[in-house]
1. Could you please rank 434, 352, placing first whichever residue has the fewest other Cβ atoms within 10 Å of its Cβ?
2. ³J(HN,Hα) across segment 519-531 via Karplus (A = 6.51, B = -1.76, C = 1.60, θ = phi - 60°), whole Hz, x for Gly/Pro?
3. Using +1 on the beta carbon of Lys and Arg, -1 on that of Asp and Glu, and nothing else charged, what's the dipole of segment 123-190 about the Cα centre, debye to 20?
4. Under unit Cβ charges (Lys, Arg +1; Asp, Glu -1), what dipole magnitude, rounded to 20 debye, does the chain have relative to its Cα centre?
5. Treat each spin label as a single point 7 Å out from the Cα along the C-beta direction, and report the residue 577 to residue 23 distance in nm.
6. Report the trypsin sites (Lys or Arg not before Pro) located in segment 96-178 that are in a DSSP loop and have at most 12 other Cβ atoms inside 10 Å of their Cβ, or state none.
7. Please turn the phi angles of segment 125-140 into ³J(HN,Hα) values with the Karplus equation 6.51 cos²θ - 1.76 cosθ + 1.60 (θ = phi - 60°), one per residue in order, whole Hz, x for glycine and proline.
8. Using percent of Cα pairs over 41 Å apart as the read-out, say which of [x] 30; [y] 24; [z] 44 was calculated from these coordinates.
Amino acid sequence: MCGITGILNFDRQKEISLSEIKRMTDVISHRGPDEEGFYINQNIGLGFRRLSVIDLKTGHQPISNEDETVWIVFNGEIYNYLDLRENLTNQGHVFKTKSDTETIVHLYEQYGTQCVQYLRGMFDFCIWDDKKKQLFCARDRFGIKPFYYYADKGKMVFSSEIKGILREGTVDKDLSYDALNSYFAFGYITSDLSIYKEIKKLRPAHYLLVSFQNQVTVETHRYWSIQFDPDYSISEKQWAEELEQCFSEVVKQHMVSDVPLGAFLSGGIDSTCMVAMMAKNSEQPINTFTIGFKEEKYNELVYARQTAKKYGCEHHEYIVEPDSISLLPKLVCIYDEPFADNSAIPTYYLSKFAREHVTVALSGDGGDELFAGYDIYSFLRRIYKYNFSSPALNTVLWGSLHKMIPENVSGKGLTYFLSKNPNDLGAHLCIWTKHEREKLIIQNGRKEVINASELFKRDILRSSKKDFISNLQYLDLQTYMVDDILTKVDRSSMMNSLEVRVPFLDHKFAELSFKIPSQLKIKDSNKKYILKRAMKSFLSGNILNQAKKGFDVPISVWFTGRLKEFVNDTLITHNPLLGGYLNKDYVRKVINDNLTGMRDFSSKIWSLLFFEEWLKQTQQ
């Protein structure tokens, strides 16, 4: 795993200096502490930081083709590179390393921009074609690896992290109010937005092409799409057998490494399935790592211990304490922009803890999205079934119900209900509802606060012909998973120079899951039904039947207890900077309502704390 950066001046006479690129790579050195590399050629400069995982001796980057006309910087892992290498060798390509990176170079020579279709893995990369004077950048299908870019004022600047682009020194830092709206809606920034108006994300399953023809063009293209296409001709038993076989093969592929490897083990279904397959495919004990809390309600340690014991793992545990709030300034530095998922705290500690023992860890992320494992899915499906014949009656009824329910009574599922619109798909993901954001955000004449469904408009339109559960899965895969879950794991792990792999998001395995009817994913009230059946022989009964906990952090306990004064001092007493963007009276009301115990506003408060710390760091 690595970090990449680069600058392309659109004026071919304007040369790039090594010092410009080195500044950018130095600031992301945590992504690759083992070595650095550069390619400078007049108006193009590529930078690279390496975390050595495969081909430790010869995998230095940037890497070129045979005649050094095509150069690449690459971040990620390609799991089918040996098969690709063999095919390319048979077609006459000559390799000088044993790395997966060089495979992409020769694929590009052979297939051009369509080379991404052949890649099975997690990646972001940039290729400079000196013959065509063309820059080609791509991001993996699910967005496991990040790619940010700026293209304006005569140049393109890109990096694995925002801080790399900012270090270039000329990019404007104006705040995006669309991104701010997104942040307070969901706790993360969606779509191709970043908190900075001028900096964009390359979306998952997209590539970017900068060409010099009659004029400079910067274009993005989608190369792969999520397609739910249920096959009802296959029996439940056949699906279970195929899932087990495919997942075993995928996990085995993800275990290829020239450095020590382990697994994150939460004790839930997904990580337990993964560790079981790792044990099946390994002759050595698996190193497993688990985070716990003193608050028993939030602990899954007992389940993790049972799995580790069953499969003879070398098991390691770490307990997170309330004073972990001191990590907040570091988290802001890690994420570069507001990011309000408080499970970033244990994810950081888990990554730091695991890195003391291994360089690569497998994670169970993606299982909930592929197999409809979230509790909210069942709840929303029940709400959705209330189908009133008159649209006018529908609007009146839902609007009246919204007015009747007190503002301080809600919950994660009721956010959808409280959106005033039963068709506002995505409202269930909100931390702050549209109604609350209208009170919170000072617009200063800017764009109005909008519905969740408007923020997710492009994704919902693509999924609108699917069944309700598939729509929810599609939305989560395109938004929550990539912009929250995978972002959290990438930044936390790479800050600790740990590579994390996600077998569930192998696109071949995912495509198999897309063919399974949603009735087999949630059967009656049994979530992940078909995955549980497929893995039944590997899972004990108490793990199969336990209620889902996720990676929840006891901040609701902390914010009304030991951290009560910290919240008050930071957000009210000490003249917070957020007053320039948010309604301070409403912020005070939220904090006071949380202290009464009538409503858990801890997620809202965490989003405010993170935003305030981000403002402090960016306005210094």
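Rule-based calculations on the coordinates, nothing more; no lab input. Remember, it's a predicted structure, so these values are computed and weren't measured experimentally. Cβ coordinates were reconstructed from backbone atoms using ideal geometry, including for glycine residues, and neighbour counts include every protein chain displayed.
1. Values: 434 24, 352 16.
Going from least to most buried by this count: 352, 434.
2. 5, 8, 8, 10, 10, 6, 10, 8, 6, 6, 3, 6, 5
3. Details: 11 positive and 10 negative charges, 49 e Å.
Result for segment 123-190 is approximately 240 debye, rounded to the nearest 20.
4. Working: 77 positive and 79 negative charges, 294 e Å.
Value, rounded to 20: 1420 debye.
5. Roughly 2.1 nm, to one decimal.
6. Details: sites: 96, 98, 120, 131, 132, 133, 139, 141, 153, 155, 163, 167, 173; in loops: 96, 98, 120, 131, 132, 133, 141, 153, 173.
Listed in order of number, the matching sites are 96, 131, 153, 173.
7. Karplus-based 3J(HN,Hα) across segment 125-140 equals 8, 9, 10, 9, 9, 6, 5, 7, 6, 9, 10, 10, 10, 8, 10, 5 Hz.
8. Read-out taken from this structure: [y].
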